[in-house]
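The values are calculated or read from the model by the stated rules, or taken from the named source; none is laboratory data. These figures come from a predicted structure and were not determined experimentally. Neighbour counts run over all protein chains shown; Cβ positions are idealised from the backbone, glycine included.
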């Protein structure tokens, strides 16, 4: 298994724009409720002996799946009636299949949650094909974590810094999930805005699958992965524990003036934001 190096995503000067923070790469968790659903949380009989399902739009082992299973492990203890909470991975189309399913098929009865990437909201605005949900029927209710987008590359890629990457003679092959996913959007932005040599290979079922592809040498890594997910999943395994100091500084400390001038920048800040699902017509 190859060791990996973490390359921080350069700043674009728009990191603190409030709309970017809310929309660009947030994770959306949606509750389906009926009109009377807000009152059922106080009614223990409603959730007693029932199960809440968390539908994850991506493969097991990735960041979305990890957060969902962590929440599922504890959530039932904090709901009157102590319902069971189960996770259901429904992969495909970068989370669109899961989002469409919950919006169109799942009953709005307070028993279904969907975990999908918030950039699909932008996909709806842009008219991307396949989106059949109305994101306006969701409203934000909180954020479990704050993330920083990173690029994670294997040692075999030969890339040790952003400067080294920009000078590369051949395109670096990156894995992606689907249009509107940060794994696809971030590489496209980096290529268009900074001229980074990138070849995007899209269509993987999730970042955990991209990680396996990187270990097998199919791709060199991934961009648009949260730092929290990267250090907990891409840093595991034999020979896979070293991280560059550059990445650690990128995500966890402000850059010094000398780092700014050399191209070293903190990663893009973003939030994983749950939203409350309103009833749809």
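General remarks:
- Condition check for residue 82: modelled with pLDDT under 90, under 23 Å from residue 47 (Cβ atoms), outside the structural domain of residue 204 (by TED's automatic domain parsing) and touching a helix residue (DSSP H, G or I) at 6+ places or on another chain (Cβ under 6 Å): no
- Apart from one condition, residue 130 fits all of (1) in contact with a strand residue (DSSP E or B) (Cβ under 6 Å, 6 or more places away or on another chain); (2) modelled with pLDDT of 90 or more; (3) outside the structural domain of residue 231 (by TED's automatic domain parsing); (4) surrounded by fewer than 17 Cβ atoms within 10 Å (Cβ to Cβ); the exception is (1).
- Those strands (runs of 3 or more DSSP E) lying entirely in region 101-198 with at least 2 residues in contact (Cβ under 8 Å) with a residue 60 or more places away in the chain and in contact with a helix residue (DSSP H, G or I) (Cβ under 8 Å, 6 or more places away or on another chain): 112-117, 145-154
- Taking the numbered list (1) under 17 Å from residue 65 (Cα atoms); (2) in a helix (DSSP H, G or I) in turn, residue 77 passes all entries but (1).
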